[in-house]
1. Tell me which residues come under 5 Å, amide H to amide H, from residue 126 once H is placed; ignore anything under 5 positions away on its chain.
2. What distance in nm lies between label points placed 7 Å from Cα along the C-beta direction at residue 17 and residue 251?
3. By how many nm would the segment from residue 116 to residue 389 lengthen if fully extended, with 0.36 nm per residue of separation less the alpha-carbon distance?
4. What translational diffusion coefficient, in µm²/s and rounded to a whole number, does the Stokes-Einstein relation yield for the range 16-56 at 10 °C and a viscosity of 1.306 mPa s, taking the hydrodynamic radius as the Kirkwood radius over Cα pairs?
5. Report the rotationally averaged projected area of the range 88-215 based on its alpha-carbon convex hull, in square nanometres.
6. Quick check on packing: order 83-92, 28-37, 56-65 by the mean number of other C-beta atoms within 10 Å, highest mean leading.
7. Would you work out the charge dipole size for the chain about its Cα centre, treating the Cβ of every Lys and Arg as +1 and the Cβ of every Asp and Glu as -1, and quote it to the nearest 20 debye?
8. On a straight-distance basis, which aspartates and glutamates could pair with residue 377 in a cross-link, Cα separation under 20 angstrom, same-chain partners fewer than 8 positions away excluded?
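Taken together, the values in this text are just the output of simple stated rules run on the coordinates, not laboratory data. These numbers were taken from a predicted model, which means no experiment stands behind them. Cβ sites come from the backbone with ideal geometry, for glycine too, and all protein chains shown count toward neighbours.
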Amino acid sequence: MDYTPVKGTHDIFGAEAKQHNYVSFVLKSTAELYGYKGLETPVLEHTEVFSRGTGESSDVVRKEMYTFLDKGNRSVTMRPEFTAGIVRSIVSNKYYATEDLPIKVFYHGPAFRYERPQLGRYRQFHQFGVEEIGLDSARADAEIIIMAVHMMQNLGFNKVNLKINSIGDDETRTNYRAALVEYFSKHIDNMCPDCKERLQLNPLRILDCKVPADQEIAKGAPKLKDYLSENSEKRFYDTLSIINDFGVEYEIDDGLVRGLDYYSEVVFEIHAISDEGKDYGALGGGGHYGGLVKALGGPDLPGVGFAMGMERVVNVMNDNHLLDEITDGVDFYVMPVGEDMLDEAFNLTMMVRSFGFSAETPLANGKMGSMFKKAVKRKAKFAIIVGGNELERGVVNVKNLATQEQIEVPLHNIDRTLENLINPQENECCCGGDCNCENEEHDEGCCGGHCCCHHEE
Ligand code: AMP
């Protein structure tokens, strides 16, 4: 029995799991600001969803899918990407007929590709993404790019590198394909076996080849921008002009074609090199697609979307210290001083939770020293020490485990004091601690900086 995880898969535990939840929460909340709704589709789809949708000539479909026959002898595939499955869902549920167009959805979950594992590349990874289906306009494409950048800003990135290109309409790609066939036919004998196959299936895919010698040859290939039809060129510059008006910086990358077959017109990627100089590759990418809905049996509706790789985003954010606050610790660790304080400690813990703070209590009697050690191991921010003498006076001691500072806190307004300890700036008292609330104990810090003057501002 091999107890290690399957190659290229990984377990996500504790602080890392919380970071993933936080990142997906920020991404979902931002998508909701733009009117997107959640859509969850199955991991398993009929294999044709991807072979017809994602495309026969893409590396993902040719080499990387987890495809098998189920017990009923049907060929099924664990999704290597979401877009084809999302479109399948919109077609099979006829959402295009029952929902107002455009349909705007977001998704989040695991995807599977049999790739060579390396930095930022796994066999099971997680994507968050969005799709907008049913509106064909440069403005729709621009809005989704602006939203992608907005998401990165909401995650705390000051700067991301947005690479953008247009791979044009059908006319553009037919002409460009012919030019590529002419160029690569002269070099194909010296290229890798994959490229030989790509030349037959879709010469555009040769531009994705990772073999250095082939990349050198590809540098001399005709450039897509020289083949853009008039319509595609106009549409591309309209999109750029809209994102530019919103202050979104971009870099036009002639070589960007994206690895999946369904794209047409604008395509883009978001890159960020971490502060530690690590390059995790593209954090996310997407673009417009013309024929996908039709290819999967639906009406002729266009779409635009993108997907972010959760692992890559979380890794770069960790390197850039954007997730330092997201830990798997609790806010308060409540310690009974002696066995007869167990009930009081338990009740207080429940009360602290009812205020909306995370709290734990050991649930068993123990020595103070070992409880403090446990509190540190649970990464608690504060310890609340529940002692008999203090309770008789209506107070408990609260110790900041980072600074070791300890204060006595009256129980009658403990909710406000704890709030002030956890979120100090947000709850600063309007009177700066100098209130005339007639509460005799105010100067002794009874309110933890929270006066009871009830001054709303
Ligand atoms: P794609 O679906 O190929 O357009 O990829 C969108 C994003 O998903 C990429 O920019 C990556 O962040 C992420 N991604 C794709 N493949 C992998 C992988 N094998 N491991 C981790 N992340 C991936």
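1. Excluding prolines and chain starts, which carry no amide H, the hits are 111, 310, 311.
2. 3.8
3. Values: separation 273, 0.36 × 273 = 98.28 nm, distance 6.32 nm.
Once the chain is fully extended between residue 116 and residue 389, it gains 92.0 nm.
4. Details: Rh = 12.7 Å.
Stokes-Einstein gives a translational diffusion coefficient of 125 µm²/s.
5. On the way: hull surface 45.4 nm².
Orientation-averaged projected area of the Cα hull: 11.3 nm².
6. Numbers: 83-92: 24.1, 28-37: 15.3, 56-65: 18.3.
Taking the mean over residues of other Cβ atoms within 10 Å, the ranking is 83-92, 56-65, 28-37.
7. Values: 47 positive and 73 negative charges, 494 e Å.
Here the size comes out at about 2380 debye.
8. Within the straight-line cut-off, residue 377 pairs with 16, 324, 325, 328, 331, 360, 405.
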